[in-house]
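First up is the structure itself, then whatever we jot down about it.
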């Protein structure tokens with residue numbers, strides 16, 4: 001599985017994307033775009049991100065997470081070719097690199113915040129490099145644009161399955177309370193840290209619902225329809241250096257299906 005994930009996330013994937021793109025054109029005729037894809041970004045690089053966004057705007061319909069949720073919770077499918085842009089973790093680069101592109105292109109995004117990182121704190125990310133996070137000032141500027149919505153990504157980005165039931169409740173409920181208080185918005189949307197099926201349990205989904213969350217996203221490739229569990233919304237992760245060919249492969253799940261990391 002680690003090798004499969006490496007293939008999907010490495011720079012080598014750009015070459016694979018270029019080589020497989022002709023096959024994708026045939027694949028798209030046989031298997032038309034089905035369901036809504038939620039894209040996941042972490043640490044964007046402005047020039048590459050802008051190139052991807054312009055390509056997506058030309059070929060797909062980028063809708064807000066709120067619009068998607070309205071359709072979804074009413075038991076309806078969003079319009080065909082709809083995609084959603086989301087960011088996990090709330091890195092400073094979302095404001096510095098992605099936000100100018102968002103303003104120019106007028107596209108909606110969802111940003112899932114780690115409540116312990118608010119006020120522009122720095123944290124050790126995955127016990128490696130020190131990462132700079134969004135400050136409250138950054139968040140307020142993004143709020144005013146009306147293009148950016150916010151959700152919760154727990155208090156400290158710990159893997160929920162490694163915690164006690166009490167700790168999990170604190171991570172899920174506590175982050176919601178802190179973010180709501182700091183940004184003055186109701187938080188109804190959640191992103192599971194790491195996001196694999198082995199990183200959370202049904203107990204966590206129960207905690208989410210009781211806390212007042214309406215949706216939760218995971219990091220498992222796949223599309224979403226009105227029949228998808230709203231607390232198990234699939235997403236496709238896009239790396240900061242991925243090109244438009246890779247994005248297309250990911251949108252249709254062609255590569256993920258070939259290496260077995262795509263879920264219906």
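Structure notes:
- In the stretch 78-107, the residue that is nearest to residue 133 (Cα to Cα) out of those that are assigned to a loop (DSSP other than H, G, I, E, B) and touching a strand residue (DSSP E or B) at 6+ places or on another chain (Cβ under 7 Å) is 90.
- For the stretch 209-246, a residue qualifies if it is touching a helix residue (DSSP H, G or I) at 6+ places or on another chain (Cβ under 8 Å), surrounded by fewer than 23 Cβ atoms within 10 Å (Cβ to Cβ) and part of a helix (DSSP H, G or I), and the qualifying residues are 211, 244, 245.
- Given (1) surrounded by fewer than 18 Cβ atoms within 10 Å (Cβ to Cβ); (2) out of contact with any helix residue (DSSP H, G or I) (no Cβ under 6 Å at 6 or more places or on another chain); (3) farther than 27 Å from residue 228 by Cα; (4) at pLDDT below 95, index of the condition residue 117 fails: (1)
- Whichever residue in the stretch 36-53 is surrounded by fewer than 20 Cβ atoms within 10 Å (Cβ to Cβ) and over 10 Å from the mean Cα position of the chain (by Cα) and, among such residues, is modelled with the lowest pLDDT: 46
- Taking the criterion of being surrounded by 14 or more Cβ atoms within 10 Å (Cβ to Cβ) and either in a helix (DSSP H, G or I) or at pLDDT below 75 (or both), the residues of the stretch 19-35 that qualify are 20, 21, 24, 27, 28, 33.
- Residue list for the stretch 139-162, filter: within 16 Å of residue 178 (Cα to Cα) and exposed (fewer than 15 other Cβ atoms within 10 Å of the Cβ): 140
The values are calculated or read from the model by the stated rules, or taken from the named source; none is laboratory data. Computed from a predicted model, the values in this text were never measured in an experiment. Neighbour counts run over all protein chains shown; Cβ positions are idealised from the backbone, glycine included.
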